[in-house]
Amino acid sequence: MDDLRFLILYGVLAGAVLASFRKAFHDRKLDTIPVIGSSGFLSSYWDAFKFFHHAPDLIQRGYDQYPEGIFRVARLFRWDYVVCGPKLIKDIAGAPENVISFTAGLEETLQPNFTVGRAITKNLYHHHVIRTTLTRNLHACFPEVRDEIVCAFNDVLQLQGSDWKTLPVLPTTMAIVARVSNRLFVGLPLCRNKAYLANNVRHTIDVVRTARKISLFPSFLWPLIGPLISTKNKTNARALPFLGPLIEERLSKERELGPDWPGKPNDYISWLLDLAEGDERAALPLTVRILAANMAAIHTSSAAFTYALFDLTTYPEYLLPMREEAERVVKEEGWTKAALNSMVKVDSFLRESQRINTNGPVGMRRRVVAKDGFRFSNGTVLPYGAYLSVALRPTHYDESNYEKAATFDGFRFARERAEHLANHNHNDNQDIFKRHMISTAVDHMPFGTGKHACPGRFFAATELKAMMAHLVINYDVQAEVDGVQPANEVFNARATPSATRKVRFRKRQ
Ligand code: HEM
């Protein structure tokens, strides 16, 4: 082990020196792209360290200077290019995967080869399942999703009588989101199994932590470090006893009775099996796909609901109007997915919460994979291998995109929708989905925008809106400390909601 430690240390130092030379003597044509901070050989290192804790300030500084351009910031072993303004963001949104790659962009931040396995990145058929079958089935599966929301709130909050109970928001939300998502992924009774759910939540956290550690090393050391600290085999081994028998049973039913056997459950396992081919049709590969869906769904949706709860308790004046709307809609239309479309205030509140609480200063991370590089519409060329992203938070906080952009205005999108309807033909399909929680744009990118916009956002919006409507109808909530918005935890280019911050819940009086 001592030899190994020495090897790693030696590798890190050698890698750092090599990488810094590469960074210092990079393609001179790129010198025209302005640097935020210093471009000096050693001083850029200082900036790269500052990035760990001050990334939002650095990115905002760059955006203020180049709101319609591209700037670069120093990272430990390379430059990061940050793209600003609607025109250039559109260039990224529409670029094909074989020119600017989403998957290659994730290699550093999520380290999928080590955190989830190479098979997944080679064949992303489960993305297609999420984009098509899962989304199409949201209407049919809504009664189950709704049932799970009611039971999960009861079981997780465990409120008695009229007493207030103080709970940490993020873990509470994660427990509820994990259950509700798994009702759609694997159905009853597994979606309520505590050990199964705990493994999914742990996997979500492990992936982010492991990837963060691996990416502290230069890329040529990833294959050495990755397997040493990867938790994927342990996670898979813990998930298999739960999912293996379920998958084997489905496979054997298919062999016996054909692909559309009577009583076939309408869930993600079945939808995966409809498309899985060859080696993918086995317990372990399908388990890995289910874990991947959990990872995509749990972390993001629970962060979004946690932020929304922080906003609701910081600005309690929004509770009664949303309660009134949700109760009225449910009375008129019942608890259906279609009824959620009429909850315009709930939708607006969640969309505004996502606008204000970005998951970091940058988004839409990509890597140039075309050998000739990528030419933006303003003529700037980024070379093969360059990492780029868009200035997400500054775009959301830009006064030219949003009036009083830094102020939380929960019903701004509801008002805009009402104004739009009043001023336009109601059959104007062009605009009908603008400013809804699911609609993406170059000035609104919580789900990204363009070719890789999150395919799970239709499920996420259904789940989060139904959860918020259920919460405001059935519970009272209060900040632990009145009027204080909990600070986010920021590391590198990622921001997450405070994991310890609490909120007080009680049954509605
Ligand atoms: C509030 C919840 C969610 C947020 C904020 C969110 C956000 C995102 C973002 C920012 C991206 C990358 C977009 C880009 O870089 O252009 C993404 C991609 C993705 N998301 Fe989500 N997501 C959420 C929920 C979900 C759920 C519930 C699922 C699965 C059921 C899911 C599955 C995916 C997948 C498969 C991709 C990759 C898309 C591709 O390769 O084209 N997400 N999501």
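List of remarks:
- THR231 vs. criteria at pLDDT 90 or above and within 13 Å of THR109 (Cα to Cα): no
- Residue, modelled with the lowest pLDDT, within segment 211-225, restricted to residues that are surrounded by 17 or more Cβ atoms within 10 Å (Cβ to Cβ) and under 24 Å from THR300 (Cβ atoms): SER215
- If you go through segment 160-210 and keep only what is open to solvent by 20 Å² or more (accessible area, probe 1.4 Å) and outside any helix (DSSP H, G or I), you end up with GLN160, GLY161, SER162, ASP163, TRP164, LYS165, THR166, LEU167, PRO168, LEU188, PRO189, ASN193.
- Candidate set from segment 67-111 (those that are in a helix (DSSP H, G or I), within 11 Å of the ligand (Cβ to nearest atom) and open to solvent by 10 Å² or more (accessible area, probe 1.4 Å)); member that is farthest from ALA48 (Cα to Cα): ALA93
- Residue count for segment 356-372, restricted to those that are more than 16 Å from the ligand (Cβ to nearest atom) and either open to solvent by 50 Å² or more (accessible area, probe 1.4 Å) or free of Cβ contacts under 8 Å to residues at least 12 places away in the same chain (or both): 2.
- Test result for GLN485, assigned to a loop (DSSP other than H, G, I, E, B), under 15 Å from LEU312 (Cβ atoms) and open to solvent by 40 Å² or more (accessible area, probe 1.4 Å): yes
- Across segment 40-66, the number of residues qualifying as modelled with pLDDT under 95, open to solvent by 30 Å² or more (accessible area, probe 1.4 Å) and within 20 Å of ASP398 (Cα to Cα) comes to 3.
- Residues that are open to solvent by less than 30 Å² (accessible area, probe 1.4 Å) and acidic (Asp, Glu), drawn from segment 301-325: ASP311, GLU325
- Cβ-Cβ contacts under 6 Å between residues 6 or more apart (or on different chains), taken from a first residue in segment 493-509 that is touching a residue at least 40 places away in the same chain (Cβ under 8 Å) and on the phi < 0 side of the Ramachandran plot to a second residue that is among the β-branched types (Val, Ile, Thr) and surrounded by fewer than 20 Cβ atoms within 10 Å (Cβ to Cβ), are listed as LYS502/THR166; VAL503/VAL477; ARG504/THR166; PHE505/VAL477.
- Selection count where residues are surrounded by 20 or more Cβ atoms within 10 Å (Cβ to Cβ), within 26 Å of ASP206 (Cβ to Cβ) and either without any contact (Cβ under 8 Å) to a residue 24 or more places away in the chain or away from the ligand (no atom under 11 Å from the Cβ) (or both), scope segment 118-147: 0
- When residues of segment 286-320 are limited to those that are among the aliphatic types (A, V, I, L, M) and closer than 14 Å to VAL472 by Cα, the one nearest to the ligand (Cβ to nearest atom): ALA308
Residues checked against (1) at pLDDT 95 or above; (2) over 24 Å from LYS434 (Cα atoms); (3) within 16 Å of the ligand (Cβ to nearest atom); (4) buried (at least 19 other Cβ atoms within 10 Å of the Cβ):
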| residue | (1), (2), (3), (4) |
| --- | --- |
| GLU327 | yes, yes, no, no |
| GLU332 | yes, yes, no, no |
| SER342 | yes, no, no, no |
| GLN354 | yes, no, yes, yes |
| THR395 | yes, no, yes, yes |
| GLU399 | yes, no, no, no |
| THR407 | yes, no, no, no |
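- Residue within segment 495-502 that is surrounded by 15 or more Cβ atoms within 10 Å (Cβ to Cβ), at pLDDT below 95, within 16 Å of the ligand (Cβ to nearest atom) and assigned to a strand (DSSP E or B) present: yes
- Yes/no for LYS253 being charged (D, E, K, R), open to solvent by 40 Å² or more (accessible area, probe 1.4 Å) and not in a loop (DSSP other than H, G, I, E, B): yes
- Of all residue pairs spaced 6 or more apart or on separate chains, those with beta-carbon atoms under 6 Å, a first member in segment 175-202 that is aromatic (Phe, Trp, Tyr) and a second member that is open to solvent by 10 Å² or more (accessible area, probe 1.4 Å) are TYR196/LEU190; TYR196/PHE242.
- Restricting attention to segment 435-479, the residues being assigned to a helix (DSSP H, G or I) and on the phi > 0 side of the Ramachandran plot number 0.
- If the condition is being acidic (Asp, Glu) and either within 16 Å of the ligand (Cβ to nearest atom) or surrounded by 22 or more Cβ atoms within 10 Å (Cβ to Cβ) (or both), then segment 454-482 contributes only GLU463.
- The set of residues from segment 256-270 being farther than 29 Å from GLN354 by Cα, part of a helix (DSSP H, G or I) and within 16 Å of the ligand (Cβ to nearest atom) comprises ILE269, SER270.
- Residue selection: LYS451 satisfies the criterion of being open to solvent by 50 Å² or more (accessible area, probe 1.4 Å) and within 14 Å of the ligand (Cβ to nearest atom).
The values are calculated or read from the model by the stated rules, or taken from the named source; none is laboratory data. Keep in mind it's a predicted model, so treat the numbers as computed, not measured. Quick reminder, even Gly has a Cβ in these numbers, built from the backbone with ideal geometry, and neighbours come from all protein chains shown. Side chains included, ligands, DNA and RNA excluded: accessible areas come from the protein's heavy atoms. Shrake-Rupley method; radii C 1.70, N 1.55, O 1.52, S 1.80 Å.
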